[in-house]
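One structure is given here, and the rest of the page talks about it.
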């Protein structure tokens, strides 16, 4: 760590950058929303697929963070964690992710 940040400092920096980004996104914007407009079928499908993708990405992020802690020894390895590790080692999609 002669020239870089300590691991905790790097995590803090990333967390602060995330917080600043979220605060920026939550700022009110000018203009009017198109509430009166009914979404087209293509827009509805896009919204549904985006929601499904967000659920999948949230689960992937959670399970990979859990697996990372398990591999570091900070958390006891569980059965689902071993299944994810095995699937990733075999270049396949873990079953829990495929169900989503």
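Rule-based calculations on the coordinates, nothing more; no lab input. The model shown is predicted, which means the values in this text are computed figures rather than measured ones. Backbone-built Cβ (ideal geometry, glycine too); neighbour counts: all protein chains shown.
Taking other Cβ atoms within 10 Å as a rough exposure proxy, 47, 84 sort from fewest to most as 47, 84. Taking the fewest neighbouring Cβ atoms within 10 Å as the starting point, the ordered list for 81, 20, 60 is 20, 60, 81.
Rg then Dmax, both in Å and based on the Cα atoms of the range 57-100: 9.9, 28. Using C-alpha pairs below 8 Å separated by at least 6 residues, the relative contact order for the range 57-100 is 30 percent.
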